[in-house]
Amino acid sequence: MTFRRFVDGVQWLVAALAALTVILLLVAQPSEASGAAPDLGEGATVFASNCAGCHGSDGSGGVGPALVGEDVLAGFVDSQSVARFVSVGVPGRMPGFETRLTPEEIDAVAGLVFSGLGS
C-alpha cells in the first residue's frame, strides 16, 4: 500500500510539472536572439527587393503564397524560426537565401514577416 501511494504521488507530481511547463510555454514571450527588436525598415527594404516579386508587395501572395493572414505563421514560434525557413527555403518551391542575403538581412526580413509585415 505504501508503494502505491508513492507511485500515485510521483504521478501527480509529474502531471503538475507537465501542466506548469505548458502554462509557462503559453505565457512566455518569444525573444529575439540579439535581444533587440527587428529593424522593420531594413526588413521592408529586403522584402521589397527579394521577396515581393513572388509574395506580392504587401505580402498578399502571387507566385508564392500569401505571407499575411490568420494561418500563415502557425508553424513558426518566433522570427528566428522564420529566419531559418528563409535561409534554407523549400526545394522546388522557394529558394534558400543564406547565400544571397547576410544574416542581418535575413533576420530583418524574418522579423518583418513574423510581425505581420509591419501591420
Report the label-to-label distance for V7 and S57 in nanometres (one decimal), using points 7 Å from each Cα along the Cα→Cβ vector. 6.8
So for the pair T45, A66, with labels modelled 7 Å out along Cα→Cβ, what separation do we get in nm? 3.0
Could you run the Karplus curve 6.51 cos²θ - 1.76 cosθ + 1.60 with θ = phi - 60° over region 99-111 and give me ³J(HN,Hα) per residue in whole Hz, x for Gly and Pro? 9, 9, 10, 6, x, 5, 5, 5, 4, 5, 5, 5, x
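FYI, it's all coordinate maths here, none of it is from the lab. Remember, predicted model here, so these are calculated numbers, not experimental data. Quick reminder, even Gly has a Cβ in these numbers, built from the backbone with ideal geometry, and neighbours come from all protein chains shown.
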